[in-house]
Amino acid sequence: MTPSEGIERFIRSDLVTFGGYSARKSPDTLEGKVKVPVENIIKLDANENPYGCSSRVNQALATCPDLNIYPDNGQTRLRKLLEGYTGVDAKHIVVGSGSNQLIDLVLRLFVSKGDEVINCVPTFGIYRFSTESCGGTLIEITRDENFAVSISAIKAAISGKTKIIFLANPNNPTGTITPQQDILELLDTRLPVLVDEAYYEFSGQTVAPLVNRYENLMVLRTLSKWAGLAGLRVGYGFFPPKIADYLLKIKIPYNVNVAALVAVRESLKDIDYLMSRVKAIIAERERLFGELERLEWLKPFPSQANFILCLVLNGEAIELRQKLQDKGILVRYFDEPILRGFIRFSVGKPEHTDALIKALQEIGG
Ligand SMILES: Cc1ncc(COP(=O)(O)O)c(C=O)c1O
C-alpha cells in the first residue's frame with residue numbers, strides 16, 4: 001500500500017514527512033549494550049542536574065494527598081510561587097509541562113502555515129521541531145565561528161511573513177551569551193522575540209526585568225536544570241499580560257500536574273541548598289573546561305551554562321560518542337550538518353569529570 005492509499009491520506013501532508021525530534025535515550029535501553037551495569041552509566045547527554053532534586057521534594061511527594069484531584073487550571077498558586085522566586089508579577093507568568101511545552105504553545109499562538117520563524121543556528125532543536133509541526137518555515141541565521149549572533153543578519157532576514165525571532169540565551173548547545181544590547185535591538189524591530197533562558201541560573205544574565213516594558217518580549221525559564229526537576233516537567237515563561245492571557249486560553253487544560261506544584265513549592269523552600277549545587281556545577285564547568293583544553297585533539301568553547309561544546313579536531317565526533325558510550329558515558333552528538341564535528345558534555349559531579357577525562361585520555365585523538 002502506498003502512502004496515498006493508506007491512513008496517511010488522512011494525515012496532514014506536511015507531517016507525513018516530518019522528521020520528529022531525536023530525544024535522548026534512557027539508560028535502561030542500553031542494558032547489555034555497554035560494558036558497565038546500567039546503574040553505573042554516567043549520563044552527560046541531556047544537561048540534567050547530577051545532584052538530583054531537593055530531598056524535600058521526594059519527601060513531600062511521598063505523602064502528596066491530592067493526586068485524585070485535577071490541578072488548578074489557572075495555575076494560581078504556581079504562578080504566585082514563581083512570582084516570589086523571580087520577582088516578576090504573576091500576571092506575566094504562564095507555566096508549562098516543561099518549557100518545551102511553552103515553546104510549542106507560543107508557536108501555536110503565532111505561527112500558521114507559511115509563516116516564518118527566525119532561528120539562530122546552531123541552537124536548541126525544539127525550535128525547529130515545533131515550528132515545522134505548526135507548518136511554519138524556519139529562516140536560519142548561522143552564528144559566527146565563536147557562535148555569536150549577527151543582529152544585522154537577523155534584521156536583514158525579516159520579511160512580511162516573519163512572526164517570531166528565537167534566541168536561546170545562553171544558547172544550547174554552544175553555551176554562548178548574546179549581550180543585552182543586541183536583544184534590545186531585536187526588540188526594537190517590534191516583532192515578537194522569545195528569549196529562552198533555560199540556563200539562567202548558571203549564567204546569571206537575564207532580560208526578565210524588561211517584560212513589563214516591551215509588548216513583544218517573552219522569556220522562558222525551566223526548573224529542569226537548576227532544580228533537578230527534568231523528570232517532573234516544569235517550565236515557565238514571562239509574557240506581556242495580553243500574550244499570557246492568550247496562552248492560558250489556548251493551552252491544554254490542567255497542563256501542569258499536581259506533583260509539579262508540590263515540587264516547585266518544596267524546591268523554593270530549599271533554595272539555599274539548590275543554589276549551592278548550582279555553584280558547584282559552575283565550578284565544575286570551569287574545571288572540566290581546563291581539563292578539556294589540555295587534550296590537544298578537542299577544542300572546548302567557553303560556556304555560561306551547565307554543558308561544554310567541543311570541536312573534535314582529530315577523529316570523528318560520532319565515533320567518539322560511541323566509544324564513550326561503550327565505556328558507559330553518554331554524551332551528546334548532533335546528527336545535523338552544522339554540528340557534525342562537535343560533541344557536547346553536560347557538566348556532572350567531580351567524579352564524572354574524572355571518569356570522562358580518563359576515558360578521553362584512553363580513547364585518544
Ligand atoms: C535552550 C533550552 N530550552 C528549553 C529546554 C527544555 O527544557 P524543559 O525541560 O523545561 O522542557 C532545554 C532543554 O534542554 C534547552 O536546552
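Counting only protein heavy atoms and a 1.4 Å probe, tell me what percentage of the chain's accessible area is made up of carbon and sulfur.
For the chain, the apolar C and S fraction of the accessible surface comes to 51 percent.
DSSP loop (so not H, G, I, E, B), at most 14 other Cβ within 10 Å: list which chymotrypsin sites (Phe, Trp or Tyr not before Pro) in region 250-299 pass both filters.
In loop regions of region 250-299 (DSSP not H, G, I, E or B), the sparsely surrounded chymotrypsin sites (Phe, Trp or Tyr not before Pro) are Tyr254.
Of the listed pairs Lys163/Lys242; Lys25/Lys269; Lys269/Lys299; Lys161/Lys299; Lys163/Lys269, which have alpha-carbon separations greater than 28 Å here?
Flagged as over cut-off: Lys25/Lys269; Lys269/Lys299; Lys161/Lys299; Lys163/Lys269.
Which Cα, out of Asn255, Ile271, Gly160, lies furthest along the positive dipole direction of the chain (beta carbon charges, K/R +1, D/E -1)?
Asn255
Report the per residue volume, in Å³, of the convex hull enclosing the C-alpha atoms of region 1-102.
Taking only Cα atoms, region 1-102 has a hull volume of 254 Å³ per residue.
Along the positive direction of the dipole of the chain (beta-carbon charges: Lys, Arg +1; Asp, Glu -1; about the Cα centre), which of Gly87, Thr222, Gly175 reaches farthest?
Gly87
For region 225-275 and region 121-184, what is the centre-to-centre distance using only Cα atoms, to the nearest Å?
Result: 24 Å between the Cα centres.
Can you give me the accessible area per residue for the chain, using a 1.4 Å probe, in Å²?
Solvent-accessible surface per residue comes out at 46 Å².
Excluding Tyr236 itself, what net charge comes from residues whose Cβ is under 9 Å from its Cβ, given Lys and Arg +1 and Asp and Glu -1?
Net charge in that neighbourhood comes out at +2.
How would Lys358, Lys327, Lys349 rank on accessible area, largest to smallest, probe 1.4 Å?
Lys358, Lys327, Lys349
Taking the Cα atoms of the chain, report the difference between the largest and smallest coordinate on each principal axis, in whole Å and largest first.
55, 54, 50
Which of Gly125, Gly98, Phe147 sits closest to the plus end of the dipole of region 61-152, meaning its Cα is farthest towards the positive end, when Lys and Arg get +1 and Asp and Glu get -1 on the C-beta?
The residue sitting farthest along the positive end of the dipole is Gly98.
When the dipole is taken about the Cα centre of region 263-365, and only Lys, Arg (+1) and Asp, Glu (-1) are charged at their Cβ, what size is it in debye, to the nearest 20?
The dipole of region 263-365 has a size of about 200 debye.
When the chain is fully extended, how far beyond the present Cα-Cα distance does Ile271 get from Phe18, taking 0.36 nm per residue of separation?
Taking Ile271 through Phe18 to full extension adds about 87.0 nm, to one decimal.
With only Lys, Arg, Asp and Glu charged, each at its Cβ (+1 for the first two, -1 for the last two), find how big the charge dipole of the chain is about the Cα centre; round to the nearest 20 debye.
620 debye
If you add up the charges near Val57, with Lys and Arg at +1 and Asp and Glu at -1, over every other residue whose beta carbon is less than 14 angstrom from its beta carbon, what do you get?
Net charge in that neighbourhood comes out at +3.
Please list the three semi-axes, largest first and in whole Å, of the ellipsoid equivalent to region 170-313, using sqrt of 5 times the eigenvalues of its alpha carbon gyration tensor.
Here the semi-axes work out to 30, 22, 13 Å.
Which loop trypsin sites (Lys or Arg not before Pro) in region 207-270, with loop taken from DSSP, have no more than 15 other Cβ atoms within 10 angstrom of their Cβ?
Within region 207-270, the qualifying trypsin sites (Lys or Arg not before Pro) (loop, at most 15 other Cβ atoms within 10 Å) are Arg213.
As a test of the formula, what do you get for the chain when each DSSP H run with n ≥ 4 contributes -39,500 (n - 2.57) and the sum is divided by the residue count, at 222 nm and rounded to the nearest 500 deg cm²/dmol?
When only DSSP H runs of four or more count, the value is -11000 deg cm²/dmol.
Packing-wise, with mean Cβ within 10 Å as the measure, how do 278-287, 7-16 rank, highest first?
Taking the mean over residues of other Cβ atoms within 10 Å, the ranking is 278-287, 7-16.
Would you please put 313-325, 85-97 in order of how densely packed they are, using the mean number of other Cβ atoms within 10 angstrom per residue and starting with the highest?
85-97, 313-325
What trypsin sites (Lys or Arg not before Pro) does region 15-71 have in DSSP loop regions with at most 14 other beta carbons within 10 Å?
Hits after loop and neighbour filter: Arg24, Lys25, Lys33, Lys35.
The values are calculated or read from the model by the stated rules, or taken from the named source; none is laboratory data. For clarity, every value in this text was computed on a predicted model and none was experimentally measured. Reconstructed Cβ throughout: ideal geometry from the backbone, glycine too, with neighbour counts over all protein chains shown. Calculation scope for accessible area: heavy atoms of the full protein, side chains included, ligands and nucleic acids excluded. Shrake-Rupley method; radii C 1.70, N 1.55, O 1.52, S 1.80 Å.
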